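Enquirer: Before we start, here is the structure in question, set down as structure tokens.
The values are calculated or read from the model by the stated rules, or taken from the named source; none is laboratory data. The structure presented is a predicted model; accordingly, all values stated were derived computationally and were not measured. So basically every Cβ, Gly included, is an ideal-geometry build from the backbone, and we count neighbours across all protein chains shown.
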């Protein structure tokens, strides 16, 4: 009997058992699609976030309060005993000289209100050089000026989603917004930027750091960002900043270059990807168990089928080739459909979450699902094919 | 071989021995208890014969049929098909012998589910390596022979029990085997369908095909010319049927009876 005949037998058998065939394929499809999709999300988010930091330029140095290396990759917040103030930023500015730009930054949550529309956002505050570090692309209006920083003016710049939500139909420039109960004037709004180091930039509002301090009732600032004039100099700038802060803070501060920050964030986001991959792995396992179940449940019927085929003259090779071809066709078809679904799904999701298809995830998911499908399709058949025909016929 | 042929002459007169069992025993363990299904059975089946193997349940008659049909192997003794000893054959060689020389009819039909009558009948021909067109033609012919020429595309679930058994008979004879083995072929059928099946088997025998019936039912057994009685794994009696039942006559009688009612 030739291979084409084996294919025809396998096709006939698949066609005669459509429900079983479809359920088996479904297991493979779900496993493959889930892995591709979840890993695509993990990778996509990681790429986008690190990309947005890289986009800021390679000449940035970040000073954080607290000893991040000791408190671990969890970042600031663990063992902060002393916060930075504006004076610290001014000191760094004076000591570094005129070529380097220093921006004290505050980040805090706030409630915005316009009329009866209300939303929770993040306030990101800096000085007049903020535009150098927060890459801002103005749709309309302007950034705040030095005078407004000095005077702690109540001016605010809206992120794109804040604008869409609070001023859906009108131009916000010159309008007033209620921030934590205080009245602010909108002086500009910026284009959509996507996610970033500091979270979703579109869901932020920007204001002078002094205004933010007054609004929040604090003299602290969150971090200090320094932009070196020459990217070559970041390491020397980092060393200088460390020397400047050391007398005041001892070991309770951390200074990172952009590259180091990227490394820390990559680790963090890598953990996220691993976690998503873990969830995907569980779907793969569940899909695999589903395939196994269907294959094992149908063993008794199939064992009788094998008995019948052997009684009328099928050789061991005939039986095995039929079952191998059946299992391979189901698994490969399911795998291909799963890949297509995962692909289409990632494309559809990319309007909401950044996604990127990873070849190893595709390969792993496909090989695992197909492997499970083929093994549980072939192994019981292999055992049945070795029985005496009468034992296979009697199998209950 | 020479000695073998002598004994053939003794038993079968002029006819050839199609199938021979020599001192066949079968012993297996069931729940740690040794069961002797067969204890030294000698049996010769001659070409053109219609033979019944009869016995109560547990007498070993099905086991004997499975062994002479090469579906099972004996614990002891040998089986010869058309003069060829099959005792030492590989499973694949046995498959080829079953495929070319033996046809089976089972009590439970054993058709492939969700597969058309025609495809079921084609099955043995696929494994004998016949081309598609030839296969289809032979399967159609076989189904026509059992009166199912108009049911080629029907699935087993769309056929009555009697029709399913006739599909199974068509599958058994499509390879033009030397012998057809039928294990309780009427066991799952009503009496009319049973008679129809017996009629087909008798017709086949009249056309020269050797038929072996395995049954516990004396009525069915009497359709054969020769009956071998089995009890506790041994042949206890052999008889030549004196008043053989002819299924065609009994069917006709049944129809008249129904017409009068």
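Enquirer: Among the candidates A:272, A:296, single out the residue that is under 24 Å from the mean Cα position of the chain (by Cα) and assigned to a helix (DSSP H, G or I).
Expert: Details: A:296 fails: under 24 Å from the mean Cα position of the chain (by Cα).
The conditions single out A:272.
Enquirer: Quick one: which residue in A:45, A:32 is at pLDDT 75 or above, part of a helix (DSSP H, G or I), in the same structural domain as residue A:362 (by TED's automatic domain parsing) and under 17 Å from the mean Cα position of the chain (by Cα)? Break it down stepwise before answering.
Expert: On the way: A:32 fails: under 17 Å from the mean Cα position of the chain (by Cα).
Just one listed residue meets the conditions, A:45.
Enquirer: For the stretch A:354-369, state whether one or more residues are away from chain B (no Cβ under 14 Å), over 30 Å from residue B:30 (Cβ atoms) and touching a strand residue (DSSP E or B) at 6+ places or on another chain (Cβ under 9 Å).
Expert: Kept after step one, since they are away from chain B (no Cβ under 14 Å), are these residues of the stretch A:354-369: A:354-369.
If we keep only those that are over 30 Å from residue B:30 (Cβ atoms) too, we end up with A:354-369.
Applying the additional criterion that residues be touching a strand residue (DSSP E or B) at 6+ places or on another chain (Cβ under 9 Å) yields A:354.
Yes, the stretch A:354-369 has at least one match.
Enquirer: Follow-up question, since we're still on this one. Pick from A:356, A:305: which is closer than 23 Å to residue A:4 by Cα and assigned by TED's automatic domain parsing to the domain that holds residue A:44? Give the steps one after another, and end with the answer.
Expert: On the way: A:356 fails: closer than 23 Å to residue A:4 by Cα.
After ruling out the rest, the residue left standing is A:305.
Enquirer: Right, another one. Determine, yes or no, whether residue A:313 is more than 7 Å from chain B (Cβ to nearest Cβ), farther than 22 Å from residue A:370 by Cα and at pLDDT 85 or above.
Expert: Details: more than 7 Å from chain B (Cβ to nearest Cβ): no; farther than 22 Å from residue A:370 by Cα: yes; at pLDDT 85 or above: yes.
For residue A:313, the condition - more than 7 Å from chain B (Cβ to nearest Cβ), farther than 22 Å from residue A:370 by Cα and at pLDDT 85 or above - is not met.
Enquirer: Of the residues A:338, A:270, A:281, A:342, only one is at pLDDT below 85, touching a helix residue (DSSP H, G or I) at 6+ places or on another chain (Cβ under 8 Å), surrounded by 18 or more Cβ atoms within 10 Å (Cβ to Cβ) and over 30 Å from residue B:127 (Cβ atoms); which? Give the steps one after another, and end with the answer.
Expert: Working: A:338 fails: at pLDDT below 85; A:270 fails: surrounded by 18 or more Cβ atoms within 10 Å (Cβ to Cβ); A:342 fails: at pLDDT below 85.
Sole residue among the options that is at pLDDT below 85, touching a helix residue (DSSP H, G or I) at 6+ places or on another chain (Cβ under 8 Å), surrounded by 18 or more Cβ atoms within 10 Å (Cβ to Cβ) and over 30 Å from residue B:127 (Cβ atoms): A:281.
Enquirer: On to the next question. Can you tell me which residue among A:67, A:2, A:15 is out of contact with any strand residue (DSSP E or B) (no Cβ under 8 Å at 6 or more places or on another chain) and modelled with pLDDT under 85? Give the derivation first.
Expert: On the way: A:67 fails: out of contact with any strand residue (DSSP E or B) (no Cβ under 8 Å at 6 or more places or on another chain); A:15 fails: modelled with pLDDT under 85.
Among A:67, A:2, A:15, only A:2 is out of contact with any strand residue (DSSP E or B) (no Cβ under 8 Å at 6 or more places or on another chain) and modelled with pLDDT under 85.
Enquirer: Suppose we filter the stretch B:162-183 for residues that are under 15 Å from residue B:108 (Cβ atoms), in contact with a helix residue (DSSP H, G or I) (Cβ under 7 Å, 6 or more places away or on another chain) and in a helix (DSSP H, G or I); how many remain?
Expert: Here is the first cut: in the stretch B:162-183, the residues under 15 Å from residue B:108 (Cβ atoms) are B:162-169, B:171-172, B:181-183.
Cutting the leftovers down to in contact with a helix residue (DSSP H, G or I) (Cβ under 7 Å, 6 or more places away or on another chain) gives us B:162, B:164-167, B:169, B:171, B:181-183.
Imposing the further condition that a residue be in a helix (DSSP H, G or I) reduces the set to B:162, B:164-167, B:169, B:171.
So the count comes out to 7.
Enquirer: Against the definition (surrounded by 16 or more Cβ atoms within 10 Å (Cβ to Cβ) and within 17 Å of residue A:284 (Cβ to Cβ)), how does residue A:371 come out, yes or no?
Expert: Answer is no for this residue.
Enquirer: Considering A:112, A:60, which residue is modelled with pLDDT of 85 or more and assigned by TED's automatic domain parsing to the domain that holds residue A:133? Quick ask: steps written out before the conclusion?
Expert: Details: A:60 fails: assigned by TED's automatic domain parsing to the domain that holds residue A:133.
Criteria check complete, one pass: A:112.
Enquirer: Would you mind telling me which numbered condition in (1) away from chain A (no Cβ under 14 Å); (2) within 20 Å of residue B:69 (Cβ to Cβ) residue B:206 fails?
Expert: (2)
Enquirer: Sticking with this structure for a sec: Return yes when residue B:151 is more than 10 Å from chain A (Cβ to nearest Cβ), over 24 Å from residue A:394 (Cα atoms) and in a helix (DSSP H, G or I) and no when it is not. Can you show your working first?
Expert: Values: more than 10 Å from chain A (Cβ to nearest Cβ): yes; over 24 Å from residue A:394 (Cα atoms): yes; in a helix (DSSP H, G or I): no.
So residue B:151 does not fit the description; no.
Enquirer: Among the numbered criteria (1) within 14 Å of chain B (Cβ to nearest Cβ); (2) farther than 22 Å from residue A:27 by Cα, which one does residue A:322 miss?
Expert: Condition not satisfied by residue A:322: (2).
Enquirer: Would you pick out the residues in the stretch A:2-30 that are touching a residue at least 60 places away in the same chain (Cβ under 8 Å), at the interface with chain B (Cβ under 8 Å from one of its Cβ atoms) and in contact with a helix residue (DSSP H, G or I) (Cβ under 7 Å, 6 or more places away or on another chain)?
Expert: A:9 - this is the single residue of the stretch A:2-30 that is touching a residue at least 60 places away in the same chain (Cβ under 8 Å), at the interface with chain B (Cβ under 8 Å from one of its Cβ atoms) and in contact with a helix residue (DSSP H, G or I) (Cβ under 7 Å, 6 or more places away or on another chain).
Enquirer: Within the stretch A:135-237, considering only strands (runs of 3 or more DSSP E) that don't extend past its boundaries, which have at least 3 residues that are within 21 Å of residue A:120 (Cα to Cα)? Step through it out loud before you land on a result.
Expert: Values: elements: A:138-141, A:155-158, A:176-179, A:182-190, A:204-208, A:223-227.
Once the strands (runs of 3 or more DSSP E) in the stretch A:135-237 are filtered for at least 3 residues that are within 21 Å of residue A:120 (Cα to Cα), what remains is A:155-158, A:176-179, A:182-190, A:204-208.
Enquirer: Assess whether residue B:149 counts as being surrounded by fewer than 20 Cβ atoms within 10 Å (Cβ to Cβ) and closer than 29 Å to residue B:44 by Cα.
Expert: Details: surrounded by fewer than 20 Cβ atoms within 10 Å (Cβ to Cβ): yes; closer than 29 Å to residue B:44 by Cα: no.
Taking the combined requirement at face value, the residue does not satisfy it.
Enquirer: Residues in the stretch B:188-228 that are buried (at least 16 other Cβ atoms within 10 Å of the Cβ), outside any helix (DSSP H, G or I) and out of contact with any strand residue (DSSP E or B) (no Cβ under 8 Å at 6 or more places or on another chain): how many?
Expert: Count: 2.
Enquirer: Counting only residues that are at pLDDT below 90 and assigned to a strand (DSSP E or B), which one in the stretch B:18-38 is surrounded by the most Cβ atoms within 10 Å (Cβ to Cβ)? If you could, list the steps in order and put the result at the bottom.
Expert: Taking the stretch B:18-38 as the starting set, the residues that turn out to be at pLDDT below 90 are B:28-35.
After this cut, where a residue has to be assigned to a strand (DSSP E or B) as well, the list is B:28-30, B:33-35.
Values: B:28: 12, B:29: 8, B:30: 8, B:33: 7, B:34: 8, B:35: 14.
So, considering only residues that are at pLDDT below 90 and assigned to a strand (DSSP E or B), the one surrounded by the most Cβ atoms within 10 Å (Cβ to Cβ) is B:35.
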